[in-house]
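Right, one structure below, let's go through it.
The values are calculated or read from the model by the stated rules, or taken from the named source; none is laboratory data. Predicted model only: the values in this text are computed from it and were never measured. No Cβ is skipped: glycine too gets one built from the backbone with ideal geometry, and neighbour counts run over all protein chains shown. Just so you know, the surface numbers come from the protein's heavy atoms only, side chains and all, with ligands and any DNA or RNA stripped out. Shrake-Rupley method; radii C 1.70, N 1.55, O 1.52, S 1.80 Å.
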Amino acid sequence: MKRRPFIKNIIRAATVTAIAPQLSLSQSLASEKNSKKLGIALVGLGTYSTDQLAPALLETKFCYLSAIVTGTKEKEQQWIEKYGIKKENVYTYKNFDRIIDNDEIDIVYVVLPNSMHAEYTIRAAKAGKHVICEKPMATSVSDCKKMITACKKANKKLSIGYRLHFDPFNDNMMRLGQSKFYGNKMTVATEFSFNVSDINHWWRANKKLAGGGALMDLGIYCLQASIYTFGELPLTLWGKDTTKPDSIFNEVEGSIEWEMTFPSGKAYCKTSYESPFKSHLILNTEKGKLELSPSFTYDGIKGTTPDGEMELKNVNQQALQMDTFAQNILQDTSSIVPGEMGLRDNYIIEKIYESAANHSAVVNLNDIPNILDLRIN
Ligand code: NAD
């Protein structure tokens, strides 16, 4: 395979899927009135909904923000005014199930603390809605299974908020890694970390609400990136809890590292709430190093290959992610990041914790769910 045409194709693919330039709020609200866009209800109006998802929904072509679910009275009027949401489309956690009677909600997007994902996904499916659930899908494999069963029973689609599958730089890494473009033998090294100084009132430090620490929240990106770069399922792994002895984290791990073996090589992953900011994905190949740095941010991702810089543009990952799912529903196609992938990742997370609790013993991943996002034929 020749290099330039291959890289050009990737750029073209990214351009074709590029989203429309941002509309002004009034233009966007006016166009929504007559359009057949699918309505999305955001459940949980915290940081991610407020700063990323709601603004992204002003840029989407196939879906729009039609409803909100919140437990905070003050947020209701603010969101009604800012996003033109109808008063009758505002729900609380208590009356959430009444969405069953609302035709303006096609998709429920669960953006709550991790341990609440299962309950709201299942309730949404029972109300006859398609679901996007944030990562990690749940805090246990058994909850993931219940969520998949509920959506299947209701004949509704379930997708996970894995936004980086819609980012051109990570897509390029998938294509170059999966095609073994720079050689058959590869090693991945990846880290996602930042420093948290205060855990008071932070649900992510609470075992019951978060399910785990840095691994559940940040490490899942490293786990995902290793798998989509190889385009293979891991065979074995070991894990080690590296939380600092004087850590402020006492219920969940503050830091953890692990290694996974794949048919084509190994991936070494690190994640921490106790380290200066790090976000990188490195692929060492027979013909040199490929690197995304930063790799997992919402914007500003940069990439290099042995042939130079990746000539790609950052996109609105969340807008593309939600538009693609809306198209999956409209065209009755499968999500590239379905519930089964979320289950696979929760399975690996449980195995990493199992190894870490057992002196880093090597764990076989014999019964790993067989699901991959493959970008090559
Ligand atoms: P957040 O703390 O900012 O918001 C959480 C929301 O849940 C708040 O509106 C809060 O009021 C509500 N909530 C309801 N019941 C609660 C309870 N019992 N305790 C605490 N909060 C409760 O969190 P966030 O950063 O928006 O994260 C929400 C989810 O989104 C998490 O699962 C997280 O992993 C995921 N997330 C994903 C990305 C991504 O890039 N895909 C980025 C950030 C967060």
(request) Out of the residues in segment 35-56 that are among the β-branched types (Val, Ile, Thr) and outside any strand (DSSP E or B), state the one that is nearest to Ile80 (Cα to Cα). (result) Thr50
(message) The conditions are (1) over 17 Å from the mean Cα position of the chain (by Cα); (2) within 16 Å of the ligand (Cβ to nearest atom), and Ala150 fails exactly one of them. Which is it?
(response) (2)
(request) Report, by residue number, each residue of segment 102-117 that is open to solvent by less than 10 Å² (accessible area, probe 1.4 Å) and either away from the ligand (no atom under 15 Å from the Cβ) or among the hydrophobic types (A, V, I, L, M, F, W, C) (or both). (result) Ile105, Ile107, Val108, Val110
(request) Starting from segment 146-165, keep only residues that are touching a residue at least 40 places away in the same chain (Cβ under 8 Å), then list their pairs with residues that are open to solvent by 20 Å² or more (accessible area, probe 1.4 Å) and within 11 Å of the ligand (Cβ to nearest atom) whose Cβ atoms are within a distance under 6 Å, requiring at least 6 positions of separation or different chains. (result) Ile160/Lys135; Gly161/Lys135
(message) So, in segment 332-356, how many residues would count as being aliphatic (A, V, I, L, M), closer than 20 Å to Asp143 by Cβ and more than 18 Å from the chain's Cα centre (by Cα)?
(response) 1
(request) Taking Glu134 as the residue in question, decide whether it is without any contact (Cβ under 8 Å) to a residue 60 or more places away in the chain and either more than 16 Å from the ligand (Cβ to nearest atom) or closer than 23 Å to Gly211 by Cβ (or both). (result) no
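For every residue, the table says whether it meets (1) touching a Ser or Thr at 6+ places or on another chain (Cβ under 8 Å); (2) within 16 Å of Val337 (Cα to Cα); (3) in a helix (DSSP H, G or I).
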{"residue": "Asp97", "(1), (2), (3)": "no, no, yes"}
{"residue": "Ser115", "(1), (2), (3)": "yes, no, yes"}
{"residue": "Tyr120", "(1), (2), (3)": "no, no, yes"}
{"residue": "Ala124", "(1), (2), (3)": "no, no, yes"}
{"residue": "Gly128", "(1), (2), (3)": "no, no, no"}
{"residue": "Thr139", "(1), (2), (3)": "yes, no, no"}
(message) From the list Asp171, Asp198, exactly one residue is at pLDDT 95 or above and out of contact with any helix residue (DSSP H, G or I) (no Cβ under 9 Å at 6 or more places or on another chain). Which is it?
(response) Asp198
(request) Go through segment 318-338 and give me each residue that's within 16 Å of Leu65 (Cα to Cα), of a type in the set (Gly, Ala, Ser) and either at pLDDT below 95 or within 16 Å of the ligand (Cβ to nearest atom) (or both). (result) Ala319
(message) For segment 286-304, give me each residue that is more than 15 Å from the chain's Cα centre (by Cα) and open to solvent by 20 Å² or more (accessible area, probe 1.4 Å).
(response) Glu286, Lys287, Gly288, Lys289, Glu291, Ser293, Pro294, Gly300, Lys302, Thr304
(message) Among (1) assigned to a helix (DSSP H, G or I); (2) over 19 Å from the mean Cα position of the chain (by Cα), there is one condition Ser66 misses while meeting the rest; what is its number?
(response) (1)
(request) Those residues that are in contact with a strand residue (DSSP E or B) (Cβ under 7 Å, 6 or more places away or on another chain) and either among the aromatic types (Phe, Trp, Tyr) or surrounded by fewer than 17 Cβ atoms within 10 Å (Cβ to Cβ) (or both), I need them from segment 44-79; list them, please. (result) Phe62, Tyr64, Trp79
(request) Being in contact (Cβ under 8 Å) with a residue 40 or more places away in the chain, open to solvent by 40 Å² or more (accessible area, probe 1.4 Å), out of contact with any strand residue (DSSP E or B) (no Cβ under 9 Å at 6 or more places or on another chain) and assigned to a loop (DSSP other than H, G, I, E, B) is the filter here, so list the residues in segment 344-377 that pass it. (result) Asn370, Leu372, Leu374, Arg375, Ile376
(request) Tell me which residues, restricted to segment 123-147, are within 23 Å of Thr72 (Cβ to Cβ) and either of a type in the set (Asp, Glu) or open to solvent by 30 Å² or more (accessible area, probe 1.4 Å) (or both). (result) Arg123, Glu134
(request) Taking Thr92 as meeting all but one of (1) on the phi < 0 side of the Ramachandran plot; (2) buried (at least 16 other Cβ atoms within 10 Å of the Cβ), write down the number of the exception. (result) (2)
(request) Sort out which residues of segment 308-343 are in contact with a Ser or Thr (Cβ under 6 Å, 6 or more places away or on another chain) and either surrounded by fewer than 20 Cβ atoms within 10 Å (Cβ to Cβ) or hydroxyl-bearing (Ser, Thr, Tyr) (or both), and write them in order of number. (result) Asn328, Ser335
